Amino acid sequence: MTAEQDAGPGLTLARVAELCGGRIGHGDPEQRITGIAALDLAEGDQLALLTGASYLDEARASGAGALLVSNEMEERIPEDRARVVVDDAHAALIPVLEALHPLRQPAPGVHPSAVLGRGVRLGADVTVGAYAVLEDDAVLGDRVRVGPHAVLGPGVLVGDDSVLHAHVVLYPGTVVGERVVLHAGVRLGVDGFGYAWVEGGHRKVPQVGRCVIADDVEIGANTTVDRGSIGDTTVGRGTKIDNLVHLAHNVRMGPHCAVAALVGIAGSTRVGTGVLFAGQVGVAGHLKIGDGARLAAAAKLWRDLPEGETYAGAPARPLREHLKSLARLERLPGLTKRVQALERDLADLRASVAAATDEDEAGDVEKAGP
Amino acid sequence: MTAEQDAGPGLTLARVAELCGGRIGHGDPEQRITGIAALDLAEGDQLALLTGASYLDEARASGAGALLVSNEMEERIPEDRARVVVDDAHAALIPVLEALHPLRQPAPGVHPSAVLGRGVRLGADVTVGAYAVLEDDAVLGDRVRVGPHAVLGPGVLVGDDSVLHAHVVLYPGTVVGERVVLHAGVRLGVDGFGYAWVEGGHRKVPQVGRCVIADDVEIGANTTVDRGSIGDTTVGRGTKIDNLVHLAHNVRMGPHCAVAALVGIAGSTRVGTGVLFAGQVGVAGHLKIGDGARLAAAAKLWRDLPEGETYAGAPARPLREHLKSLARLERLPGLTKRVQALERDLADLRASVAAATDEDEAGDVEKAGP
Amino acid sequence: MTAEQDAGPGLTLARVAELCGGRIGHGDPEQRITGIAALDLAEGDQLALLTGASYLDEARASGAGALLVSNEMEERIPEDRARVVVDDAHAALIPVLEALHPLRQPAPGVHPSAVLGRGVRLGADVTVGAYAVLEDDAVLGDRVRVGPHAVLGPGVLVGDDSVLHAHVVLYPGTVVGERVVLHAGVRLGVDGFGYAWVEGGHRKVPQVGRCVIADDVEIGANTTVDRGSIGDTTVGRGTKIDNLVHLAHNVRMGPHCAVAALVGIAGSTRVGTGVLFAGQVGVAGHLKIGDGARLAAAAKLWRDLPEGETYAGAPARPLREHLKSLARLERLPGLTKRVQALERDLADLRASVAAATDEDEAGDVEKAGP
């Protein structure tokens, strides 16, 4: 980036193309882009993203100064539209957004109101917010940022460059990797839901395992992850978890999974690599979910899910079967009508057969009639 | 209200009638009402609400000093029952409860332990609780009340008369209107669940939009609302949201909606005016829900919902169709039996036809028999 | 326990057997056990639990120093396996875990940063964490432990030996019994979701009841329980509630229930004794659930649930019926094929009957043919 490109507000179109590894399909390389907006809201100094064919009308009508489009979409928009053309428009957005919205980081430092227990160790350039509580022997890596009111129990470890937003609570012994992001109200290492029925009551089984979060994980607001009962609950590297998710004790979640909001996974279930859970999915305990599997929104899983499969419905089963089953239900009224028709036709046929027989048998009778 | 009416504890029956715009159907206007209780628990100095015909037996047996009933219900209770008669008994409860349970408000003032950043502006008669953190440039309107431990990020705006209960977290730039109530643990403006798959991993798409809450909204405990990815997530005027709800990035929720607990609405869905979401409803992303639509409890919506329609089931569809479909499932055993009967009858008929034919054909054979 | 048994790290096998009321099926009574681990991870100084036949292979291959097994399982493992044999292996784990992992309790005392309102009363040996806020007239029993940042509203009562983890919020007037455990982010006594439609908007019905939690209850992280609208919301003695559960206003939950994660129970529903709710169950309002009833995971209950019954599905119905209904759906393709076969067979029969009739009638015609 040259000084000249930095002279005005925002970015030049040329700089946008450079940042996202694209090319200017049409437009003035010196045109300035000061922000990104939705197609229907964008103005002349803003870039808008065209994600798919269903938004082509909005793209044509958009007041955006330029569009960010994929190679496939380019020829479907007017030729004279200023545009940056890339392989993957969604991914291309990332460096542009990062350049337009640099993170405002508070200067490192420990707020004077923070409470640090005995044996707490802090890495270089750590930030600890107001009223944060780091209990005995908690250890923070370099550049860790701990938000206001976060509570880190005794012996907690947090790796370099991780960010704990306000109000995060880590129970004793929780381990958090590097570059992890924990949003407001995340609770890690909570006692699992483990009781034995003893003498007419639920008696608590002590929960003594840990909650271990690998590098590059992000966890959404108010999500809860239990500690292991014995052994650990683990979340693998690069896995992303949305808001209000519940992972029970001894779940072992692989790397690069994505877990949408309000999902619940019961105890001891083992999840492979790159598994996708859409919103409100429920998974029973002690199951195995293979690598690359997917669960559609609100699917409820009661048995193992093989590698690479997509399951849907409640109980969850292969998407194809689920859709067939739904289609069959749609055709039930038709089936009922066919059964009615069969009953009628069979009765008719029986009657006509009977009549024919009667006729034969009745031949003499009729002749013998009065 | 006269001084005399105020002389004893609670309210006179006359005052109750006056407050809720009703009339005394029977009873002593000077009778004192000191509280409101459920029909089965109410005592002689308490008022009990009769909400519907299913509670008539409880109403007749109730020890309540007086009943609050609608015009339609009045003639179904004993004539000598002390009662206040109104158009809408549920709505009538509001002014009576407000009079019997005046809000205990702490005196305005900023607790000495609260942390206020640079450029924070406070309106008149603001209350800020212990350990609340208002980061740089946060702005509070008049009479705003911020509970203990609330964290308001940089640049947050909160309108007049809004109440933030303990432990609310507002991410940077969140905008909250007037007379808004946010319950404990609400998180507004959380980063949305936005990633692109880049070089074998989920890479975070910076979330740079805002979360904007209009006037007269109430949001329940531990509910999370994401900020927009680009553009804003918005909740319209007068909309009420229950506990543990998740609204994803760029949801645009209209005014006067009601969203019950554990609902999840995925990204970019647009919701009209006065839409009702019962508990545990799930809504996919990028949908449109028309004005006055309703979703029954646990409905899962995968396509647009037209204005005024009520949908139920998973996948959600018109309530009427859903109920028909359930009824059809109930009749499946019957249908199966009808098919069995058809198979049997058809076999019988075929056999008798065959027998008849055989008879015909066998005529000679038989005649030719031994 | 003798001094000798205490000499080394962990426990002797004899001490393990003594603690859980079992016997050594095989093994050296002086063998030392320093921890408990899962079958597949356990090492030579660890005890591993064999919970059921499905884990027999893992048990045989396990590197555990000794196994904890039930009487029924004992004869299915190799005779020379060191083992402790008990009636109920799961329950037996409790005293062993308690002995191996004694709770690390902070010394009692009130952190100097805690804020105590007027009229607050503290029992003996109370612990109050950093930045906790106890508002006016809050009362704590003996040995109560309040975690950092907990907020107890005016007039809250907490019984002896209860533990409030970090970030618990109790709204004004909430009552918590003895030996109750509230995990991080629990919100009790939240305003219920009660509005009346008045003049074109939702108007809040003041929520003036309490939230009352009986003795020996445990409530998971980020769970919310509303206060009663009028009257109380109650949770009975010994009931255990998992993370992210929602109990609405005026729910009356009986003793010894278990409520798994992400369950929602709507207003005024009454739940009996010992009821089990699996994960993501939803229950409509104003229902009655009988003693000992069970709801399978993700069941959605719209009508009363009789005592002792197990319901499943959406809408929930007796498990037996639910399973039959699922099986019937599986057989729908078969039923459709049977209907197709019937249609074909009936057409064939009709054709052959017609042909036969034609033959009869056509006899003369044919004879009269060219």
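The values are calculated or read from the model by the stated rules, or taken from the named source; none is laboratory data. No experiment lies behind these values; they were computed from the predicted model shown. Here Cβ is always computed from backbone atoms with ideal geometry, including for glycine, and neighbour counts include all displayed protein chains. Accessible surface areas use protein heavy atoms only, side chains included; no ligands, DNA or RNA. Shrake-Rupley method; radii C 1.70, N 1.55, O 1.52, S 1.80 Å.
Some values worked out for this structure:
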read-out: Pairwise label distance in nanometres, residue B:302 with residue C:356, each label 7 Å out on the Cα-Cβ vector; value: 4.9 nm
read-out: Hull-based mean projected area of region B:184-226, where the convex hull spans the alpha carbons, in square nanometres; value: 3.7 nm²
read-out: Ranking by accessible area, most exposed first, for B:277, C:193 with a 1.4 Å probe; value: C:193, B:277
read-out: Among B:355, C:99, C:313 - extreme Cα towards positive end, dipole of the protein assembly as shown, charges at beta-carbon; value: C:99
read-out: Region B:188-232, accessible surface, carbon-and-sulfur percent (1.4 angstrom probe); value: 48 percent
read-out: Within straight-line cross-link reach of residue A:240, lysines at Cα separation under 25 Å, skipping those fewer than 8 residues along the same chain; value: A:288, A:300, B:204, B:300
read-out: DSSP beta bridge pairing in chain B, given as percent antiparallel to the nearest 5; value: 15 percent
read-out: Inverse mean reciprocal Cα-Cα distance (Kirkwood Rh) of region A:269-327, Å; value: 11.0 Å
read-out: Accessible surface buried once A binds C (1.4 Å probe; total of both sides; Å²); value: 4900 Å²
read-out: Summed residue charge, Cβ within 13 Å of residue B:345's Cβ, Lys/Arg positive, Asp/Glu negative; value: 0
read-out: Å² per residue, accessible surface of region B:1-103 at 1.4 Å; value: 49 Å²
read-out: Label-point separation in nm, residue B:40 to residue A:56, each point 7 Å along Cα→Cβ; value: 6.3 nm
read-out: Shielding by other protein chains, B:298-306, mean Cβ within 10 Å; value: 3
read-out: Two-decimal Rg/Rh across region B:230-370, once Rg and the Kirkwood Rh are taken from alpha-carbon atoms; value: 1.55
read-out: Computed magnitude of the charge dipole of chain B (debye, nearest 20; Cβ of K, R +1, Cβ of D, E -1); value: 1440 debye
read-out: FRET E, pair residue C:87, residue B:328, Förster distance 30 Å, beta-carbon r, rounded to 0.05; value: 0.05
read-out: In Å², nearest 10: area of residue A:224 left accessible to a 1.4 Å probe; value: 0 Å²
read-out: Exposure of residue A:205 as accessible area (Å², to 10), given a probe of 1.4 Å and all protein chains; value: 10 Å²
read-out: Farthest toward positive dipole pole in chain A [+1 Lys/Arg, -1 Asp/Glu at C-beta], among A:78, A:283, A:340; value: A:283
read-out: Shielding by partners, peptide C:144-151 (average Cβ within 10 angstrom, other chains); value: 5
read-out: Angle between chain A longest axis and helix A:319-330 axis [Cα atoms, degrees, rounded to 10]; value: 40 degrees
read-out: Contact order normalised by residue count of region B:35-129, Cα under 8 Å, 6+ apart, percent; value: 20 percent
read-out: Antiparallel content of DSSP bridges confined to region A:188-256, in %, to 5; value: 25 percent
read-out: Efficiency of FRET between residue B:124 and residue A:111 - r from beta-carbon atoms, R0 30 angstrom, step 0.05; value: 0.55
read-out: Fraction of antiparallel bridges per DSSP, region B:121-265 only, in percent to nearest 5; value: 10 percent
read-out: Angle in degrees between helix A:332-367 and the longest Cα principal axis of chain A, rounded to the nearest 10; value: 10 degrees
read-out: Charge dipole (debye, nearest 20) of region C:253-360; +1 at Cβ of Lys and Arg, -1 at Cβ of Asp and Glu; value: 680 debye
read-out: Principal-axis tilt of helix A:89-100 within chain A, Cα atoms, nearest 10 degrees; value: 20 degrees
read-out: Separation in nanometres of the label points that stand 7 Å from Cα toward Cβ, at residue C:136 and residue C:340; value: 7.8 nm
read-out: Mean projection area, nm², convex hull over Cα of chain C; value: 35.8 nm²
read-out: Per-residue average of Cβ from other chains inside 10 Å of B:324-330; value: 3
read-out: Cβ-based charge dipole, the protein assembly as shown, positive-most Cα from B:134, A:13, A:59; value: B:134
read-out: For residue A:87, inter-copy label distances in nm, listed shortest first [label point 7 Å out on the Cα-Cβ vector]; value: 6.6, 6.6
read-out: Range of Cα positions in the protein assembly as shown per principal axis (Å), largest first; value: 118, 87, 78
read-out: Relative contact order of chain B, pairs being alpha-carbon contacts under 8 Å that are 6 or more residues apart, as %; value: 6 percent
read-out: Positive minus negative residues near residue A:314 (Lys, Arg vs Asp, Glu; Cβ under 12 Å); value: +4
read-out: Relative contact order [Cα under 8 Å, 6+ residues apart], region A:77-159, whole percent; value: 21 percent
